[in-house]
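Step one of this worksheet: look at the structure below.
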Amino acid sequence: MKRWLALAGAAVLLAGWRPIAQEPEGLALVRTLGVDGPGPVLLTAVCGGEDQEEPGRGRCAGADFGQALADLPWSGEEELSLTSVSYIVVGRGVELEEVLLAVLQNKELGASATVWLAEESAAAVLDGCADPASGLDLLTRQGVEAPTAVEALAALRLGEPLVLPLVAGERLVLIDWEEWRDGT
C-alpha cells in the first residue's frame, strides 16, 4: 500500500501538478514599484495585472529608500506585499545605485525585476496608467528588453553605460532609450 501511495505521489510530481498560488485575503501583490527623488524618496506601488479590474495602489515617502520601503506595505487600502514586483520604474534624480543595492538586499524584492525610466516622475507615469504591469508586460512581449536590477547595478558598479527604456503615457509606451547618468 505504501508503495502505491509513493508511486501515485511521484506520478503527480512528474506530471507537473502543483498548487496554484493565490493571493491571501487582505494582501495585495505589488507588480510595479515607482521610485522618485533622492530624499525624501517617494514610492508608488501598483498591484495586480490583467486579472484585476481595479489594481490596488499605495504611496509612501521616507527620508531614504529603505525607510519608505519599510512603510510601504501599510500605505494602501489593503496590506501590500512586495514579493511579486516585476517592474521598477524610476524617475530622474533617483540615487539609482543606492536603490538597486537596497532592492538586492531586500528579502522580498528580487534581482529579476526589470528597471524602466519614467519620462516624467515615476509617480506621474504610474498614476496616469490604469494598469502599468500590463503595459510593461506588453512592451516586454514586443521585444523591449529592460535590464534587471542586478544587471543595472552591475553596469553602474563597473562604470559601464546603463541604457534604460524611457516610458510614458496612459498605456505605457516606449518613447526612447536613455543612458542613465547621476541626476538624469
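The values are calculated or read from the model by the stated rules, or taken from the named source; none is laboratory data. This is a predicted model, so every value here is computed, not measured. So basically every Cβ, Gly included, is an ideal-geometry build from the backbone, and we count neighbours across all protein chains shown. To get the accessible areas, we keep the full protein, side chains included, count just its heavy atoms, and leave off ligands, DNA and RNA. Shrake-Rupley method; radii C 1.70, N 1.55, O 1.52, S 1.80 Å.
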Need one word for region 53-184: rounded, prolate or oblate. Basis is the Cα gyration tensor (sqrt eigenvalues a ≥ b ≥ c); a/c below 1.5 gives rounded, then a/b vs b/c decides. oblate
Does region 113-156 come out rounded, prolate or oblate by the C-alpha gyration tensor, with a ≥ b ≥ c the root eigenvalues, rounded set by a/c under 1.5 and, if not, prolate when a/b is larger than b/c and oblate if not? oblate
What order, most packed first, do the peptides 142-153, 171-182, 126-137, 28-39 have when packing is the mean number of other Cβ atoms within 10 Å of each residue? 28-39, 126-137, 142-153, 171-182
Might you tell me the accessible area per residue for region 98-156, computed with a 1.4 Å probe and given in Å²? 42
